[in-house]
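The values are calculated or read from the model by the stated rules, or taken from the named source; none is laboratory data. All values derive from a computational prediction rather than experimental measurement. A quick note on method: Cβ atoms are made from the backbone with ideal geometry, for glycine too, and the neighbour counts reach across all protein chains shown.
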């Protein structure tokens, strides 16, 4: 074999090796994206409920429960706690706001969260009443609604259900606001 042919074969093999190597490099290259992982806390804080207020009593309680689940389960800063508390306060009826001034509410909320966590509890999930089970009424000329939400709570390996009743009232802007809430009898509904 003459030297010219050997040179050509070596060059062709080298080019093929470069092409194959470049192909493997591209196929195994990690693609870097600017995707950021948004936490549950960031999700509830970023929701603009002033602009996009939940339209039904059930949706109000779902958002309330999303925020509550974050408060009692997730890690966050004091600033984020206050932002989440502010979101909850936006869901409160004017009468409930009067008896829960912001600073007092935040202090009380921090205390409740600390007791809950020190007892080893976490909220696993929640289930609001079906839309068909929401009870509507008119009280003193204002539209009201009553519904339930059952929270699944875990402590160690044990699960329990905690059923809460919510009373809501439409405000002058047509938004359903939480007028009151509390523990419900498990036989109610």
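Given the conditions (1) surrounded by fewer than 10 Cβ atoms within 10 Å (Cβ to Cβ); (2) in a helix (DSSP H, G or I), report the number of the one that residue 114 does not fulfil.
Going through the list (1) surrounded by fewer than 10 Cβ atoms within 10 Å (Cβ to Cβ); (2) in a helix (DSSP H, G or I), residue 114 breaks only (1).
Any chance region 93-108 includes a residue that's in contact with a strand residue (DSSP E or B) (Cβ under 8 Å, 6 or more places away or on another chain), surrounded by fewer than 12 Cβ atoms within 10 Å (Cβ to Cβ), modelled with pLDDT of 95 or more and more than 23 Å from residue 38 (Cβ to Cβ)?
yes
Yes or no: region 159-176 includes at least one residue that is closer than 21 Å to residue 47 by Cβ, free of Cβ contacts under 8 Å to residues at least 40 places away in the same chain, in contact with a strand residue (DSSP E or B) (Cβ under 7 Å, 6 or more places away or on another chain) and surrounded by 11 or more Cβ atoms within 10 Å (Cβ to Cβ).
Within region 159-176 (the criterion being closer than 21 Å to residue 47 by Cβ, free of Cβ contacts under 8 Å to residues at least 40 places away in the same chain, in contact with a strand residue (DSSP E or B) (Cβ under 7 Å, 6 or more places away or on another chain) and surrounded by 11 or more Cβ atoms within 10 Å (Cβ to Cβ)), the answer is yes, since at least one residue qualifies.
Against the definition (more than 23 Å from residue 46 (Cα to Cα), within 23 Å of the chain's Cα centre (by Cα) and in contact (Cβ under 8 Å) with a residue 12 or more places away in the chain), how does residue 108 come out, yes or no?
Answer is no for this residue.
Hey, any hits in region 127-142 for a residue that's assigned to a strand (DSSP E or B), buried (at least 18 other Cβ atoms within 10 Å of the Cβ) and in contact with a strand residue (DSSP E or B) (Cβ under 8 Å, 6 or more places away or on another chain)?
Taking every residue of region 127-142 in turn, at least one turns out to be assigned to a strand (DSSP E or B), buried (at least 18 other Cβ atoms within 10 Å of the Cβ) and in contact with a strand residue (DSSP E or B) (Cβ under 8 Å, 6 or more places away or on another chain).
Run residue 55 past the list (1) under 17 Å from the mean Cα position of the chain (by Cα); (2) assigned to a loop (DSSP other than H, G, I, E, B) and report the number of the one that doesn't hold.
So the condition that residue 55 fails would be (1).
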